[in-house]
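Student: Structure in structure tokens, see below.
Nothing in this text is a laboratory measurement; each read-out follows from the coordinates by a stated rule. Keep in mind the model is a prediction, meaning the values are calculated, not measured. Because the Cβ atoms are built from the backbone with ideal geometry, glycine has one as well, and the counts that use them run over all protein chains shown.
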Amino acid sequence: MRTRYYERDAFPPAVAELRRAYRVFVPVRRGDFHAFAEWDDSVRPDFDYRKTRVPPKGLVFPQSERLLVFSTDERDPEHDILREAPKDFPPQAVVGIRPYDAMAFRVLEVNFDTPEVRDPWWLRRREATTLIGLARADEDATMFRTENYAGPFDERGLDVIVYDLGRGYLAKALGEKGEAALAAMGGDEPAADALREVEERIARAATPELPAGRLRAQPAAPELPTGRLRAQPVVPLFEAEFWDEVAAPCLNCGVCTFLCPTCWCFDIQDEVRKQEGDRIRNWDSCMFPLYTLHASGHNPRGKKTQRVRNRFMHKLKYYLDKYDRGVMCVGCGRCVEACPVNIDIREVAARMNGFGEQVERHDR
Amino acid sequence: MTDYTDRLRAAARRLLGEGRVDCFIGYRRGSLPLAAQPAILTRAEQADSLIWDPSCGMNLAHYAVGRADRIGIVATGCVSRSLVALALENQVARERLYIVGVPCTGMLDAGALRRRFPGREAAAAAYEGPRVTIAFADGNEELAVAENLARPCRTCAHPNPVVADEMLGEPVASPAVPAVPEEAAAAEARSAAERWAYFCEAFAHCIRCYACRNACPLCYCPTCFVDESRPQWVGKSSDPTDTRTFHFLRALHLAGRCTDCGACERACPLDIPVRHLTSRLNAEAKAIYGFEAGLDLEERPLLDRYRPEDLNDFFK
Ligand code: SF4
Ligand code: SF4
Ligand code: SF4
Ligand code: SF4
């Protein structure tokens with residue numbers, strides 16, 4: 001396994017080397033938030049960022065993607081025949097992705113790469129993508145760990161893990177794609193003390209002791225309680241009375257699903273301009289009434305409570321039961337932070353997990 | 001502020017206890033510091049979960065729409081204006097509303113406040129008069145609420161409830177504020193091309209989640225135009241033209257109706273200045289017709305009335 005060390009100032013130029021062979025995406029500051037953007041001459045990467053507002057999910061699963069094209073011109077012998085939209089999938093490197101966002105692709109893949117259906121666009125873009133992760137113990141109070149996020153040094157979703165040691169960065173390849181990327185980045189063999197420091201940092205992050213100046217807030221439910229979820233019978237949980245109370249403040253605004261790195265739902269739409277048609281796939285959200293609206297006009301999830309319940313049941317129960325890969329959540333906390341009415345998935349998980357038991361309600 | 005909490009709890013306890021209302025809409029403490037969560041209480045014993053402090057920013061009028069029961073609700077100036085506008089549009093019934101009014105000195109921009117201390121994690125917030133103290137592991141920060149207001153609160157011209165069945169405190173002075181947010185006003189002084197560039201840039205990173213629409217108490221249509229599929233008024237992809245069309249149409253559907261409560265901007269996860277469009281239309285309604293939405297239960301909505309002295313240029 002190749003390891004490389006870069007002094008702080010030498011890291012961005014090393015990343016820039018990747019631009020010869022990859023489209024390189026980096027975190028950039030945009031107003032009050034960070035976002036991933038392609039590194040061209042108009043942007044400046046900021047590797048000191050904590051979390052992007054919108055997850056980098058779109059780099060593999062774009063918010064809008066033209067899948068197929070067609071012509072409605074009757075004179076065209078091929079009219080109304082769907083053809084694949086021409087496009088290529090050049091190699092891309094996402095540099096500075098955080099481990100939770102990388103793990104999110106693992107959570108998502110069961111939807112796009114299944115024994116029955118293999119989504120060609122997802123597969124090709126995923127194959128073309130190298131994830132170069134940034135590991136630094138800076139989780140904030142909205143974050144928590146799940147089966148799919150073991151902490152800031154979780155390497156499972158990554159091709160390269162880059163430890164931020166303050167004075168410099170230590171990068172370690174994790175597999176073939178990572179080896180290739182790291183070879184392109186150059187750099188020096190790390191000294192023994194840098195390697196030792198990485199070990200120390202990993203050990204420290206395993207125990208929830210926090211560096212001075214930072215303190216975990218005391219949310220009503222600081223972690224995501226999931227221990228009993230698997231054993232909960234699904235129908236009574238579905239019919240539980242607490243859903244009305246959970247849903248009451250919800251605006252059905254969709255922020256929680258659009259900002260979620262592990263939400264995978266999409267809608268397919270045709271758009272026709274003159275006589276050229278596009279079949280486009282767009283992100284969708286189970287929070288929207290339109291999501292389940294049938295052509296007949298019937299809506300099986302016509303009520304807000306039903307939609308809110310679906311979001312949490314999907315993430316914390318159906319996914320768990322169906323795939324046996326933990327919950328559909330990497331604990332990034334985006335939904336906790338950005339929900340305009342502060343619906344906190346940890347509190348909902350506590351209710352689901354404790355359902356049927358006499359659980360004490362959080363004092364609030 | 002703390003005494004407001006006590007008075008609010010007493011009012012809710014009394015109203016629910018005496019059977020004067022079937023539910024009471026207020027806020028309870030959220031799971032994060034600086035956050036409050038809208039709550040709909042149905043029993044007098046729940047009254048003690050209510051809070052009142054500068055984190056109570058999300059417009060509660062939204063929750064009164066579509067309810068058939070008798071509603072108690074705590075209302076600031078902007079919430080009361082939304083309720084008036086909704087009553088005029090027959091979305092809430094005034095006689096089924098019991099409004100507990102609070103004179104408002106403005107609500108915090110919690111997100112911006114959290115981001116103001118990068119790398120430090122707020123553990124708790126305490127409110128004392130016009131100040132908020134945020135506790136961090138390495139010490140407290142004391143800030144003036146007035147200097148950390150949410151954008152809509154910075155230009156609020158009607159902080160006192162315009163209608164209430166009881167008031168929890170004495171009215172506060174109404175500040176003289178610009179009708180159009182500064183950034184939008186600055187944009188207006190420029191050429192059409194520059195304004196267009198400003199608009200495109202300001203809305204470029206919208207993700208079309210529609211939180212701005214859903215948070216708006218006046219956006220209550222059973223099927224929003226963006227959700228219509230026959231005909232499809234606007235494309236659903238992240239194409240910039242469609243995103244801009246959504247914003248134009250959303251703003252125009254609120255012309256003469258928007259009460260400038262700012263719920264849209266509060267809900268937007270990307271801080272898009274969606275109010276710039278509606279506040280511009282509000283300024284227009286005021287300049288041309290002397291009309292401000294949601295001030296008077298006796299005055300019909302702007303687009304629903306005719307007065308001989310109205311500007312009649314379009315007849316020509
Ligand atoms: S972000 Fe909050 S209010 Fe919006 S749909 Fe999600 S849970 Fe509901
Ligand atoms: S559910 Fe919330 S915390 Fe979990 S991955 Fe999605 S946005 Fe992050
Ligand atoms: S939570 Fe809702 S939007 Fe997200 S993946 Fe599940 S069903 Fe889809
Ligand atoms: S809330 Fe913000 S991001 Fe969402 S649709 Fe409205 S302006 Fe766009």
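Student: Suppose every K and R has +1 on its Cβ and every D and E has -1 on its Cβ; what is the size of the dipole of the protein assembly as shown about the Cα centre, in Debye to the nearest 20?
Tutor: 620 debye
Student: Once you average over the residues of B:134-143, how many Cβ atoms of partner chains fall within 10 Å of each Cβ?
Tutor: Taking the mean over all residues of the peptide, I get 2.
Student: If a/c stays under 1.5 just call it rounded; otherwise compare a/b with b/c (prolate if a/b is bigger, oblate if not). Do that for chain B, with a ≥ b ≥ c from the square roots of the Cα gyration tensor eigenvalues.
Tutor: Oblate is the answer for chain B, as a/c is 1.5 or above yet b/c matches or exceeds a/b.
Student: Could you list A:VAL54, A:VAL160 so that the one with the fewest beta carbons within 10 Å of its beta carbon is first and the one with the most is last?
Tutor: If I rank by nearby Cβ atoms, fewest first, I get A:VAL54, A:VAL160.
Student: Continuing with the same structure: Read phi for every residue in the stretch B:104-117 and hand back ³J(HN,Hα) as whole Hz from Karplus 6.51 cos²θ - 1.76 cosθ + 1.60, θ = phi - 60°, with x for Gly and Pro.
Tutor: Rounded to whole hertz, the list is 10, 10, x, 10, 6, 8, 4, x, 5, 5, 5, 6, 5, 10.
Student: Starting from the amide H of A:THR129, placed 1.01 Å from N in the peptide plane, find each other amide H under 5 Å away whose residue is 5 or more places distant or on another chain.
Tutor: A:GLN92
Student: Would you please give the FRET efficiency between B:MET167 and A:GLU239, computed as 1/(1 + (r/R0)^6) with r the Cβ-Cβ distance and R0 = 60 Å, to the nearest 0.05?
Tutor: 0.90
Student: Hey, could you get me the Stokes-Einstein D for the stretch A:229-363, Kirkwood radius over alpha-carbon pairs, 20 °C and 1.002 mPa s, rounded to whole µm² s⁻¹?
Tutor: So the translational diffusion coefficient is about 131 µm²/s.
Student: Tell me, B:MET167, A:MET313, A:MET103 in order of fewest to most beta-carbon neighbours within 10 Å?
Tutor: Fewest to most other Cβ atoms nearby, the residues stand as B:MET167, A:MET313, A:MET103.
Student: Taking the Cβ of A:PHE288 as the center, what net charge do the other residues with Cβ under 14 Å away carry, scoring Lys and Arg +1 and Asp and Glu -1?
Tutor: Counting the neighbours of A:PHE288, the net charge comes to +4.
Student: State the extension gain, in nm to one decimal, for the chain segment bounded by B:ALA144 and B:ARG195, taking 0.36 nm per residue of separation less the distance between their alpha-carbons.
Tutor: Stretched out fully, the B:ALA144 to B:ARG195 stretch lengthens by 15.0 nm.
Student: Another one. State, as an integer percentage, the relative contact order of chain B based on alpha-carbon contacts under 8 Å between residues 6 or more apart.
Tutor: In percent, rounded to a whole number, it is 17.
Student: In which sequence would B:TYR63, B:TYR127 go, from the one with the fewest C-beta neighbours within 10 Å to the one with the most?
Tutor: B:TYR127, B:TYR63
Student: Taking amide hydrogens as modeled 1.01 Å from N in the peptide plane, which residues meet the under 5 Å criterion relative to B:TYR27, leaving out close sequence neighbours?
Tutor: So B:TYR27 has HN proximity to B:ALA39, B:ILE51.
Student: Something else now. Explain nothing, just compute: Karplus ³J(HN,Hα) = 6.51 cos²θ - 1.76 cosθ + 1.60, θ = phi - 60°, for every residue of the stretch A:71-85 in order, whole Hz, x for Gly and Pro.
Tutor: Each residue's phi maps through the Karplus curve to give 10, 9, 7, 4, 6, 6, x, 9, 4, 6, 9, 7, 10, 5, 5 Hz.
Student: What is the average number of partner chain Cβ atoms found within 10 Å of a Cβ in A:90-96?
Tutor: 0
Student: In nm, give the distance between the simple-model label positions of A:ASP80 and B:ALA287, each being 7 Å from the Cα along the Cα-to-Cβ direction.
Tutor: Here the answer is 5.3 nm between the modelled labels.
Student: Work out the mean other chain Cβ neighbour count within 10 Å for the residues of B:234-244 and drop it here as an integer.
Tutor: The shielding value for this peptide is 4.
Student: How far is the Cα center of the stretch A:315-343 from the Cα center of the stretch A:60-91, in Å?
Tutor: Cα centres, the stretch A:315-343 to the stretch A:60-91: 33 Å.
Student: According to the square roots a ≥ b ≥ c of the eigenvalues of the Cα gyration tensor, what is the shape class of the protein assembly as shown, taking rounded for a/c under 1.5, prolate for a/b larger than b/c otherwise, and oblate for the remainder?
Tutor: Since a/c reaches 1.5 and a/b is larger than b/c, the shape of the protein assembly as shown is classed as prolate.
Student: From the residues B:ALA125, B:ALA112, B:TYR98, which one has its Cα farthest along the dipole of the stretch B:66-142 in the positive direction, the dipole being from +1 and -1 charges on Cβ of Lys/Arg and Asp/Glu about the Cα centre?
Tutor: Among B:ALA125, B:ALA112, B:TYR98, the one farthest towards the positive end of the dipole of the stretch B:66-142 is B:TYR98.
Student: Would you work out the relative contact order for the stretch A:229-363, in percent, from Cα pairs under 8 angstrom that are 6 or more residues apart?
Tutor: Relative contact order here is 29 percent.
Student: Where the centroid of each part is defined by its Cα atoms, how far is the stretch A:100-169 from the stretch A:279-298 in Å?
Tutor: For the stretch A:100-169 versus the stretch A:279-298, the Cα centre distance is 28 Å.
Student: Also, quick follow-up: Mind listing the long-range amide H neighbours of A:GLU147? Cut-off is under 5 Å, sequence gap 5 or more, other chains count too, H placed in the peptide plane at 1.01 Å from N.
Tutor: A:VAL327
Student: Tell me the label-point distance for the pair A:ARG167, B:ASP6, using the 7 Å Cα-to-Cβ offset, in nm and rounded to one decimal.
Tutor: 5.8 nm
Student: Sticking with this structure for a sec: For the stretch B:23-31, take each phi angle, set θ = phi - 60°, evaluate the Karplus expression 6.51 cos²θ - 1.76 cosθ + 1.60, and give the result in whole Hz per residue in order, putting x for glycine and proline.
Tutor: 8, 10, 9, x, 10, 10, 4, x, 7
Student: Can you list, largest first and rounded to whole Å, the semi-axes you get for chain A by taking the square root of 5 times each eigenvalue of its Cα gyration tensor?
Tutor: Listed largest to smallest, the semi-axes of chain A are 35, 32, 17 Å.
Student: Per the helix-only calculation at 222 nm, which mean residue ellipticity applies to chain A, given -39500 (n - 2.57) for every DSSP H run of n ≥ 4 and division by its residues, nearest 500 deg cm²/dmol?
Tutor: -7500 deg cm²/dmol
Student: Give, as a single signed number, the net charge of other residues whose beta carbon lies under 13 Å from the beta carbon of A:TYR319, with Lys and Arg counted +1 and Asp and Glu -1.
Tutor: +3
Student: Can you give the charge dipole size of the stretch B:178-316 about its Cα centre, rounded to the nearest 20 debye, using +1 on the beta carbon of Lys and Arg and -1 on the beta carbon of Asp and Glu?
Tutor: 380 debye
Student: Ok, one more. At a threshold of 8 angstrom on Cα-Cα distance, excluding pairs fewer than six apart, so keeping six or more, what relative contact order does chain A reach in percent?
Tutor: Reported relative contact order: 22 percent.
Student: Under 13 Å from the Cβ of B:GLU128, count the other residues' Cβ atoms, weight Lys and Arg +1, Asp and Glu -1, and hand me the total.
Tutor: Once all neighbours under 13 Å are counted, the net charge is -2.
Student: Report, in deg cm²/dmol and to the nearest 500, the calculated mean residue ellipticity at 222 nm for chain B, where each DSSP H run with n ≥ 4 adds -39500 (n - 2.57) and the sum is divided by the residue count.
Tutor: -9000 deg cm²/dmol
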